[in-house]
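Here the structure is laid out as structure tokens; the discussion comes afterwards.
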Amino acid sequence: MAGTLRLALIGLGTVGSSVLAILNDVAGLDLRLGAVQVVAAAVRDLTKARNGPLPPLYEDALALACRPDIDVVVEVMGGVELPYQLLKAALKAGKHVITANKALLARHGEELFALARTQNRQLRYEAAVGGGIPLLQPIEQCLGANHIQAVTAIINGTTNYILTQMATRQIAYEEALAEAQSLGYAEADPRADVEGNDAQEKLTLLAALAFRTPLPDLAAVYREGITAVALPDVMNAQQLGFAIKLLAIATRTADGRLDLRVHPTLVPLDHPLSRVDGAYNAVLIQAEPVGSIMFYGPGAGGGPTASAVVSDIINILADAPTGAIPPASEAAPLHYLPITAVQTRFYIRLRALDQPGVIGHIGQIFGQHAVSLASIVQKNPRGAAAELVIITHDVPEARLRAALAELRASAVVQEFCTAIRVLPEGKR
Ligand SMILES: NC(=O)c1ccc[n+]([C@@H]2O[C@H](COP(=O)([O-])OP(=O)(O)OC[C@H]3O[C@@H](n4cnc5c(N)ncnc54)[C@H](OP(=O)(O)O)[C@@H]3O)[C@@H](O)[C@H]2O)c1
């Protein structure tokens, strides 16, 4: 690309201010960045104190995004509806667009990608998954010669921070969450993170790139957050040789269906994902012929995320066509594997009467539903009840659910505590 690249920054918060800081001092960086001129930025509050040097600031983000003196619109504002209108208008006005906004793309990505294709403009979003980890362009470009079979990822730093603190300091979920909030890792309203929505949105983007399909429906991604994971589960998992992680898993089944899910998972301690701690992210890809590859690094934060946003700017400067929008994908409708058909091992914790014959009775209930048990251990007898920790062999989830429903209703079970999936052996 010759000449100056005139850029509008929509948002000057955590990410936008870090992008501006990089662009304000490009000495020693990619030489092409010298061509970037930040023409203006949009913010919500013009009176807020900000570190300079600053470009002219405006409140009307939509008007700024469509100005004729802008070549590239960088949306780092957040939300869904306004950025959706803004990216559409910018693409129609002939701008390239960059966004870090997974919530937007998971809902309106297909329409925006199609618009970018017809407008022959770039829509880049390297920062939308994995923060500072170079991920989307490497999957699309560097792994372009591969059939990707599975993506297994830790893509939410907040939940990984909480689970790590629970495991290493033996603190309860509520305490770890409060600490994450005080350190700025979790929002005041943490639901999007702890209930798995953020990871669900990111998984749709990863799956579309990995399997070269249109964006899967958000609703087709099974989602379970970490709010039901209690300290005893984390400690039991450790004793059994596992760490509990919120995993986002995308697999293409042998019959071509997509198995997409986000849920807490027991990960064997010798698996590389078990050692991804704190707010870090990691994405493990299994592909043919390359084998297993793991991307690892800071999944959020102003500096790391801005690093990914600026890499998108460099790609526009370099006229790089890949990593921009998923290439026109298979037209065939997507088929999904329902969670009830997924086959996996389970960890189960419950409190049952501490009496002769109870373990046999519970084993019988599992047996009636053809659920085979790998181990059953009695712990912490208290009063007339004791805790049972059970690990199953691989079982279709529908059968496990039927067995658990019967257990819940059984007179010998005093309290049903948790059922958490165990990572299948092949996922490494
Ligand atoms: N933070 C991260 O680590 C991270 C990582 C990956 C992706 N992302 C994504 O990056 C995006 C931005 O995140 P962030 O953490 O930087 O958010 P943020 O700190 O809340 O900053 C948002 C910025 O947008 C401005 N803004 C909000 N509404 C606006 C409106 N209606 N018109 C004009 N400006 C408006 C705000 O203005 P004021 O400054 O006046 O409030 C602020 O400058 C989100 O989509 C997020 O999901 C963030």
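The values are calculated or read from the model by the stated rules, or taken from the named source; none is laboratory data. Since this is a predicted model, take the numbers as computed values, not measurements. Using ideal geometry, Cβ is built from the backbone for each residue, glycine included, and neighbour counts are taken over all protein chains shown.
Say we look at region 132-165 and pick out the residues that are within 11 Å of the ligand (Cβ to nearest atom) and not in a loop (DSSP other than H, G, I, E, B); which of these is farthest from residue 177 (Cα to Cα)?
Only one residue fits best here, namely 157.
Which of the residues that make up region 4-38 are among the hydroxyl-bearing types (Ser, Thr, Tyr) and either within 14 Å of the ligand (Cβ to nearest atom) or part of a helix (DSSP H, G or I) (or both)?
Taking region 4-38 and keeping what is among the hydroxyl-bearing types (Ser, Thr, Tyr), we get 4, 14, 17-18.
Listed by number, the residues that qualify are 14, 17, 18.
Just a yes or no: is a residue in region 71-78 outside the structural domain of residue 205 (by TED's automatic domain parsing), surrounded by fewer than 24 Cβ atoms within 10 Å (Cβ to Cβ) and within 13 Å of the ligand (Cβ to nearest atom)?
yes
Would you be able to say whether some residue in region 61-70 is of a type in the set (Asp, Glu), within 7 Å of the ligand (Cβ to nearest atom) and surrounded by fewer than 15 Cβ atoms within 10 Å (Cβ to Cβ)? Steps first, answer last, please.
First, the residues of region 61-70 that are of a type in the set (Asp, Glu): 69.
Then drop every residue that is not within 7 Å of the ligand (Cβ to nearest atom), which leaves none.
No; the residues of region 61-70 include none that is of a type in the set (Asp, Glu), within 7 Å of the ligand (Cβ to nearest atom) and surrounded by fewer than 15 Cβ atoms within 10 Å (Cβ to Cβ).
The rows are residues; the columns are (1) in contact with a His (Cβ under 8 Å, 6 or more places away or on another chain); (2) assigned to a helix (DSSP H, G or I); (3) closer than 24 Å to residue 22 by Cα.
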{"site": "85", "(1), (2), (3)": "no, yes, no"}
{"site": "89", "(1), (2), (3)": "no, yes, no"}
{"site": "94", "(1), (2), (3)": "no, no, no"}
{"site": "98", "(1), (2), (3)": "no, no, yes"}
{"site": "114", "(1), (2), (3)": "no, yes, no"}
{"site": "118", "(1), (2), (3)": "no, yes, no"}
{"site": "130", "(1), (2), (3)": "no, no, yes"}
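Could you say whether any residue in region 215-235 is free of Cβ contacts under 8 Å to residues at least 60 places away in the same chain, basic (Lys, Arg) and either touching a strand residue (DSSP E or B) at 6+ places or on another chain (Cβ under 6 Å) or surrounded by 23 or more Cβ atoms within 10 Å (Cβ to Cβ) (or both)?
There is at least one residue in region 215-235 that is free of Cβ contacts under 8 Å to residues at least 60 places away in the same chain, basic (Lys, Arg) and either touching a strand residue (DSSP E or B) at 6+ places or on another chain (Cβ under 6 Å) or surrounded by 23 or more Cβ atoms within 10 Å (Cβ to Cβ) (or both).
Mind checking which residues of region 348-376 are aliphatic (A, V, I, L, M) and surrounded by 15 or more Cβ atoms within 10 Å (Cβ to Cβ)? Reasoning before the result, please.
To start, the set of residues in region 348-376 that are aliphatic (A, V, I, L, M) comprises 348, 350, 352-353, 358-359, 362, 365, 370-371, 373-374, 376.
Correct list: 348, 350, 352, 353, 358, 359, 362, 365, 371, 373, 376.
Quick one: would you say residue 46 is within 8 Å of the ligand (Cβ to nearest atom), in the same structural domain as residue 85 (by TED's automatic domain parsing) and either under 16 Å from residue 23 (Cα atoms) or touching a strand residue (DSSP E or B) at 6+ places or on another chain (Cβ under 7 Å) (or both)?
So residue 46 fits the description; yes.
Consider residue 254 carefully, then state whether it is within 27 Å of residue 419 (Cβ to Cβ) and assigned to a loop (DSSP other than H, G, I, E, B).
yes
Residue under question is residue 77, and the condition is that it be at pLDDT below 95 and touching a Leu at 6+ places or on another chain (Cβ under 9 Å); does it hold? If you could, list the steps in order and put the result at the bottom.
Values: at pLDDT below 95: no; touching a Leu at 6+ places or on another chain (Cβ under 9 Å): yes.
No: the conditions fail for residue 77.
Quick one: which of 419, 411 is among the small types (Gly, Ala, Ser) and either within 19 Å of residue 230 (Cα to Cα) or not in a loop (DSSP other than H, G, I, E, B) (or both)? Step through it out loud before you land on a result.
Working: 411 fails: either within 19 Å of residue 230 (Cα to Cα) or not in a loop (DSSP other than H, G, I, E, B) (or both).
Exactly one of 419, 411 is among the small types (Gly, Ala, Ser) and either within 19 Å of residue 230 (Cα to Cα) or not in a loop (DSSP other than H, G, I, E, B) (or both), namely 419.
Taking region 378-397, which residues are surrounded by 15 or more Cβ atoms within 10 Å (Cβ to Cβ) and among the hydrophobic types (A, V, I, L, M, F, W, C)?
Within region 378-397, 385, 386, 388, 389, 390, 391, 395 qualify.
Return the pairs, sorted by first residue and then second, in which the second residue is assigned to a strand (DSSP E or B) and hydrophobic (A, V, I, L, M, F, W, C), the first residue lies in region 35-57 and is without any contact (Cβ under 8 Å) to a residue 24 or more places away in the chain and on the phi < 0 side of the Ramachandran plot, the beta carbons are less than 6 Å apart, and the residues are 6+ apart or on different chains.
These pairs meet every condition: 46/57; 56/40.
Does residue 14 qualify as being of a type in the set (S, T, N, Q), crowded, with 16+ Cβ neighbours inside 10 Å and over 21 Å from residue 317 (Cα atoms)? Write out each step before concluding.
Working: of a type in the set (S, T, N, Q): yes; crowded, with 16+ Cβ neighbours inside 10 Å: yes; over 21 Å from residue 317 (Cα atoms): yes.
It is true that residue 14 is of a type in the set (S, T, N, Q), crowded, with 16+ Cβ neighbours inside 10 Å and over 21 Å from residue 317 (Cα atoms).
Checking the conditions here, which among 376, 420 is more than 30 Å from residue 98 (Cα to Cα) and touching a Pro at 6+ places or on another chain (Cβ under 6 Å)?
On the way: 376 fails: touching a Pro at 6+ places or on another chain (Cβ under 6 Å).
Exactly one of 376, 420 is more than 30 Å from residue 98 (Cα to Cα) and touching a Pro at 6+ places or on another chain (Cβ under 6 Å), namely 420.
Conditions tested, residue by residue: (1) of a type in the set (S, T, N, Q); (2) in contact with a Lys or Arg (Cβ under 9 Å, 6 or more places away or on another chain); (3) on the phi < 0 side of the Ramachandran plot.
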site	(1), (2), (3)
158	yes, no, yes
165	yes, no, yes
177	no, no, yes
180	no, no, yes
186	no, no, yes
189	no, no, yes
211	no, yes, yes
214	no, no, yes
221	no, yes, yes
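Can we say residue 266 is touching a Ser or Thr at 6+ places or on another chain (Cβ under 7 Å) and either within 15 Å of residue 142 (Cα to Cα) or surrounded by 21 or more Cβ atoms within 10 Å (Cβ to Cβ) (or both)?
Working: touching a Ser or Thr at 6+ places or on another chain (Cβ under 7 Å): no; either within 15 Å of residue 142 (Cα to Cα) or surrounded by 21 or more Cβ atoms within 10 Å (Cβ to Cβ) (or both): yes.
The answer is no for residue 266.
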